[in-house]
Amino acid sequence: MLTLAVMACQRSPVEPAFQYSSDAPSRTGLTALADGVLLGNEAGAVVRLDREGRPVWTARLGREVAVPPALAGESVVVGTVVGEVACLSLQDGRERWRLGGEPPVLTPPVVDDTGHTVFLVAPDGAVRALAVESGQERWKRPAPVAAARASPGQAPPATAPGSAPGSAPVKPLEPRGSVAPGLRAAPVLLAGVLVVPLDSGLWALDARSGEPRWSQPVTDVVGLDSERDTVFVATRPGRVLALSVNDGSTRWEQRFADGVTGPPARALGALWVGAGPSSLVGLSTSEGREVARVALPSPLVGRVQVGLEDLLLVPTSGHEGRLVALKAPGWTPVFTVRADTPLRTRPVVRGARVFVLGLDGRVLAWRLRVPRPG
């Protein structure tokens, strides 16, 4: 049951719209569509829902989908924990091609702006670019020997796939398809440069050729975001950095003594991160100085989202799964909705409707009301 706790004494600013169960737990998060969302789950299903929560189609891949499906024009690229990569029709979910015997897909795929190329990162750190229309490999770059020891602007030497000295060996998959170790933060693609977080550090590659551009010894990355020519990086031990996408040089750095719980996300003029133990912190994107701090009912491990122009929607990971709405510019709570399942991924907003994915595999949606003057 959805429970609503309104921190205002007038008409409720939010009301339940629907809930849909995908019939298996999920940690993929939601992929936003113009008219709905996509998700995957531990049973290997990929589901497209419309705005009303009705399933448009379901594709069954047979093994767990652990990371978000990637939208590529009129296609959807999705991978499983046992190393299958499939391209589905966005319209009806029909399979266009499938590759077997691939590395487990434990890092979210990234698609270029044209929708023609998808980039996949293997558990050993190797990166491949595939043609969306056919699955044909455009280029492959083996894992670097030691990205953490290369300096900005210096290309790290390559080594054979599967070897990355200085990093922990890749753990084999557990027998159960519902278990996938070692999920990694998604790369970001910016100004023709693919920035990839690896166990050994950040690795930047030319998106067209796969040639190394730079590397930085930034490890234990929780997530990346980007803006113009800047890549924002957050690490679990508590470092948040702004790096130049051109050469990897540091523009600013902020540190949090209690660590970082969630990836960075730009919203409403600030860079927001989850800080330990249970806080939301806003940073200036240009300088890194702290501009806001809000106590949360439980840690933020996903990303914030914007709703109705000036609301900051914050998913929290406690067992009650509270979605907290904060209002700019003072960041005071407007309302909280309880999903009764941990919320660990970013909400999707379409008009006045907000969608979230619970850890139990339910998609929940609420209608937000536009505040009226006076």
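Here are the numbers for this structure:
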read-out: Flag for Val301 being of a type in the set (Val, Ile, Thr) and closer than 26 Å to Phe256 by Cβ; value: yes
read-out: Pairs where the first residue, in segment 101-117, is farther than 19 Å from Ala185 by Cβ and the second is open to solvent by 40 Å² or more (accessible area, probe 1.4 Å) and small (Gly, Ala, Ser), C-beta under 6 Å, 6+ apart; value: Gly115/Gly73
read-out: Qualifying residue in segment 130-137 (condition: at pLDDT below 50 and assigned to a loop (DSSP other than H, G, I, E, B)); value: no
read-out: Subset tally (residues that are open to solvent by less than 10 Å² (accessible area, probe 1.4 Å) and part of a strand (DSSP E or B)) for segment 29-58; value: 10
read-out: Test: Val196 is part of a strand (DSSP E or B), open to solvent by 20 Å² or more (accessible area, probe 1.4 Å) and not hydroxyl-bearing (Ser, Thr, Tyr); value: no
read-out: Pairs, first on the phi > 0 side of the Ramachandran plot in segment 263-285, second outside any strand (DSSP E or B) and of a type in the set (A, V, I, L, M), C-beta under 8 Å, six or more apart; value: Leu268/Ala328
read-out: Residue in segment 88-111 that is farthest from Asp199 (Cα to Cα), counting only those that are in contact with a Phe, Trp or Tyr (Cβ under 8 Å, 6 or more places away or on another chain) and open to solvent by less than 40 Å² (accessible area, probe 1.4 Å); value: Gly93
read-out: Sole exception among (1) out of contact with any Asp or Glu (no Cβ under 9 Å at 6 or more places or on another chain); (2) closer than 24 Å to Pro142 by Cα for Pro299, by number; value: (2)
read-out: Residue in segment 270-282 that is open to solvent by 20 Å² or more (accessible area, probe 1.4 Å) and more than 21 Å from Arg338 (Cα to Cα) present; value: no
read-out: Flag for Asp310 being over 25 Å from Leu364 (Cα atoms), of a type in the set (Asp, Glu) and open to solvent by 20 Å² or more (accessible area, probe 1.4 Å); value: no
read-out: Residue count, segment 85-123 (criterion: part of a loop (DSSP other than H, G, I, E, B) and either more than 20 Å from the chain's Cα centre (by Cα) or not charged (D, E, K, R) (or both)); value: 20
read-out: Filter result for the condition that a residue is over 18 Å from Pro264 (Cα atoms), of a type outside the set (D, E, K, R) and in contact with a Lys or Arg (Cβ under 9 Å, 6 or more places away or on another chain), over Thr341, Thr345, Thr316, Thr332; value: Thr341
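Each row is one residue, and each column tells you yes or no for (1) in a strand (DSSP E or B); (2) open to solvent by less than 50 Å² (accessible area, probe 1.4 Å).
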| position | (1), (2) |
| --- | --- |
| Ala234 | yes, yes |
| Pro237 | no, no |
| Leu243 | yes, yes |
| Arg251 | yes, no |
| Pro263 | yes, yes |
| Thr285 | no, yes |
| Ala292 | yes, yes |
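The values are calculated or read from the model by the stated rules, or taken from the named source; none is laboratory data. Since the structure is predicted, the reported quantities are computational estimates derived from the model, not experimental observations. Every residue, glycine among them, receives a Cβ derived from its backbone with ideal geometry; neighbour counts consider all protein chains shown. In case anyone asks, the SASA skips ligands and DNA or RNA and just uses the protein heavy atoms, side chains included. Shrake-Rupley method; radii C 1.70, N 1.55, O 1.52, S 1.80 Å.
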